[in-house]
Amino acid sequence: MKEQLFVVGIRHRKTNEKIKLQVWADCVDNATHGLRGLISYDTEYLWTGSGPVYDEHGQIITRDSDR
């Protein structure tokens, strides 16, 4: 199975500190959903967006996974 590297942006509700997490997943929905314990309506962090990570040649970063 192929996985892609995604960046998931979050922001702390009180301090407004922004954090970008890199997550390996098969799709952007799974990358974001994998952080559901950290980001939701009743946690300290808000989701600000998710997307693929690109290398210096503009190609999406991928890897083979045994999962």
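Considering only DSSP beta bridges with both partners in the chain, what is the antiparallel share in %, to the nearest 5? Display every interim value, and only then the final one.
On the way: 19 of 20 bridges.
Percentage antiparallel, nearest 5: 95.
Highest first, please rank the peptides 25-33, 40-48, 3-11, 52-60 by the mean number of other Cβ atoms sitting within 10 Å of their residues.
On the way: 25-33: 16.0, 40-48: 11.9, 3-11: 18.9, 52-60: 10.0.
Ranked from most to least packed, the peptides come out as 3-11, 25-33, 40-48, 52-60.
Evaluate the distance, in nm, between pseudo-label points positioned 7 Å from the Cα of N30 and of T15 along their respective Cα→Cβ axes.
Going by the 7 Å Cα→Cβ label model, 3.2 nm.
Using only helices, what value at 222 nm comes out for the chain when you add -39,500 (n - 2.57) per DSSP H run of length 4 or more and divide by the total residues, to the nearest 500 deg cm²/dmol?
Numbers: 1 runs with 6 residues, N = 67.
Computed ellipticity for the chain at 222 nm equals -2000 deg cm²/dmol.
Under a 1.4 Å probe, what is the accessible area of the chain per residue, stated in Å²? Mind dumping the intermediate values first?
Details: 4940 Å² over 67 residues.
With all protein chains present, the chain gives 74 Å² per residue.
Using θ = phi - 60° and the Karplus form 6.51 cos²θ - 1.76 cosθ + 1.60, what ³J(HN,Hα) does each residue of the stretch 61-66 get, whole Hz, x for Gly and Pro?
7, 10, 8, 7, 10, 8
Tell me, what HN-Hα J-couplings in whole Hz come from the Karplus equation 6.51 cos²θ - 1.76 cosθ + 1.60 at θ = phi - 60° for each residue of the stretch 42-57, using x for Gly and Pro?
10, 10, 7, 10, 10, 6, 10, x, 9, x, x, 9, 10, 7, 5, 9
Place a +1 charge on the Cβ of each Lys and Arg in the chain and a -1 charge on the Cβ of each Asp and Glu, then give the dipole magnitude about the Cα centre in debye, rounded to the nearest 20.
Numbers: 9 positive and 10 negative charges, 66 e Å.
For this selection, approximately 320 debye.
Do you know the relative contact order of the chain, to the nearest whole percent, from alpha carbon pairs under 8 angstrom that are 6+ apart? Walk me through the numbers on the way to the answer.
On the way: 121 pairs, mean separation 29.2, N = 67.
Dividing the mean separation by the residue count of the chain yields 44 percent.
The values are calculated or read from the model by the stated rules, or taken from the named source; none is laboratory data. Fair warning: this is a prediction, and the values are worked out from it, not measured in the lab. No Cβ is skipped: glycine too gets one built from the backbone with ideal geometry, and neighbour counts run over all protein chains shown. Accessible surface is based on the protein model in full, side chains and every heavy atom, while ligands, DNA and RNA are left aside. Shrake-Rupley method; radii C 1.70, N 1.55, O 1.52, S 1.80 Å.
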